[in-house]
Amino acid sequence: MEASEFLRDPKIFENLDLFSQGRTADIYRIGEEYILKLFHTGWAKEAIQQEFKIIHLLKENNLQVPMAYEIVDFKGRTGIVYEKITGPTILQIMEKQPLSYLKQARLLADIHLDIHNNFNSKLPSQFQMLTKSINANAAISESQKIALLGDLGNLEGGDTICHGDFNPDNVILSPNGPVIIDWIDASYGNPVADVTAISLMTEIVEIAESAASMTKLLFRLLRKHFIRTYKRRYFKNSRYKIKEMQSWIPIIAASYYGKQTSLAENQRLLDVIENYYPRSE
């Protein structure tokens, strides 16, 4: 049965199997071949349509991303039906095999470099997305916004494909190779911004309270070594230099503020901004 024919059967949505819950959506299994990414209430439908469009643009570059079949409405919420990808994420592998974390860091860097070897100016503009996020940040002063936007305007652009939220939980190691998921923040622009984002967020993120005690301990002990290994591997094989990250750090911090569910994480982002641009008002 073709996907479109299968999805027209209303019975398939009667017994959804909740698979995981995330910042933007809940993930449900639909049979053996599909999943439903059901966005949380209040999530803008335009953003969901944008994600659907992005997936099809990425397919033009032959990137390993799950196929997006259809946008559906279900019980007052909107979702995207995706191809189901089988396999653990890199994060799940590290949780089960913590001593493999350096190997996984190098693998993550190689996958990120592969993404950044692709170009597609049909995607949303990274510059415009960052500008919009900084302007919308109500926690920083006008003088800080002016400084941030001024520095952003002086940084190199580009038309490189950037994920926008690349991390070990967004890479599934399927039997057919790595598949990258969760492209809602994808753009074209400077890949150093993408690298800065994973580096900064790995350093400030808090692991879920529901995680096992040993997982929490290992995460706190190993994350600095993990991200250091990732950066070393990435910049060894990139035309960019690690020192270029420095200019992106406060810009990424300002654009990520408010996306985090933890008050502590958001405060750390504000501290980063304040360190670069002390509040003058």
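Restricting attention to segment 45-67 and to residues that are within 17 Å of the chain's Cα centre (by Cα) and not in a helix (DSSP H, G or I), the residue that is surrounded by the most Cβ atoms within 10 Å (Cβ to Cβ) turns out to be Val65. Anything in segment 126-158 that is among the small types (Gly, Ala, Ser) and not in a helix (DSSP H, G or I)? List them, or say none. If the condition is that a residue be among the small types (Gly, Ala, Ser) and not in a helix (DSSP H, G or I), then Ala138, Ala139, Ser141, Gly157, Gly158 are the ones that fit. Among the residues making up segment 68-84, a single one is over 13 Å from Ile181 (Cα atoms), among the basic types (Lys, Arg) and either within 19 Å of the chain's Cα centre (by Cα) or part of a loop (DSSP other than H, G, I, E, B) (or both): Lys75. Look at (1) in a helix (DSSP H, G or I); (2) in contact (Cβ under 8 Å) with a residue 60 or more places away in the chain and you find that Gly87 fails only one, number (1). If Leu123 satisfies all but one of (1) part of a helix (DSSP H, G or I); (2) modelled with pLDDT of 95 or more, what's the number of the condition it fails? The failed condition is (1). The listed residues are Ile184, Ile180, and the only one of them that is touching an Asp or Glu at 6+ places or on another chain (Cβ under 6 Å) and hydrophobic (A, V, I, L, M, F, W, C) turns out to be Ile184.
Residues checked against (1) buried (at least 21 other Cβ atoms within 10 Å of the Cβ); (2) among the basic types (Lys, Arg); (3) under 29 Å from Ile90 (Cα atoms):
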site: Pro124; (1), (2), (3): no, no, yes
site: Ser133; (1), (2), (3): no, no, yes
site: Ala139; (1), (2), (3): no, no, no
site: Lys145; (1), (2), (3): no, yes, no
site: Leu148; (1), (2), (3): yes, no, no
site: Asn154; (1), (2), (3): no, no, no
site: Thr160; (1), (2), (3): yes, no, yes
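Looking across segment 23-32, just one residue is surrounded by 13 or more Cβ atoms within 10 Å (Cβ to Cβ) and assigned to a loop (DSSP other than H, G, I, E, B), and that is Thr24. Can you find even one residue in segment 78-87 that is of a type in the set (D, E, K, R) and under 26 Å from Arg223 (Cβ atoms)? The answer is no, given that none of the residues of segment 78-87 is of a type in the set (D, E, K, R) and under 26 Å from Arg223 (Cβ atoms).
Does segment 94-105 include one or more residues that are assigned by TED's automatic domain parsing to the domain that holds Ala254, in contact (Cβ under 8 Å) with a residue 24 or more places away in the chain and in a loop (DSSP other than H, G, I, E, B)? Scanning segment 94-105 turns up no residue that is assigned by TED's automatic domain parsing to the domain that holds Ala254, in contact (Cβ under 8 Å) with a residue 24 or more places away in the chain and in a loop (DSSP other than H, G, I, E, B). One residue alone among Lys45, Lys59 is of a type in the set (Lys, Arg), without any contact (Cβ under 8 Å) to a residue 12 or more places away in the chain and not assigned by TED's automatic domain parsing to the domain that holds Asn176, and that residue is Lys59.
The values are calculated or read from the model by the stated rules, or taken from the named source; none is laboratory data. Everything numeric here is computed off the predicted structure, so don't read it as measured data. Here the Cβ is made from the backbone with ideal geometry for all residues, glycine too, and neighbour counts use every protein chain on show.
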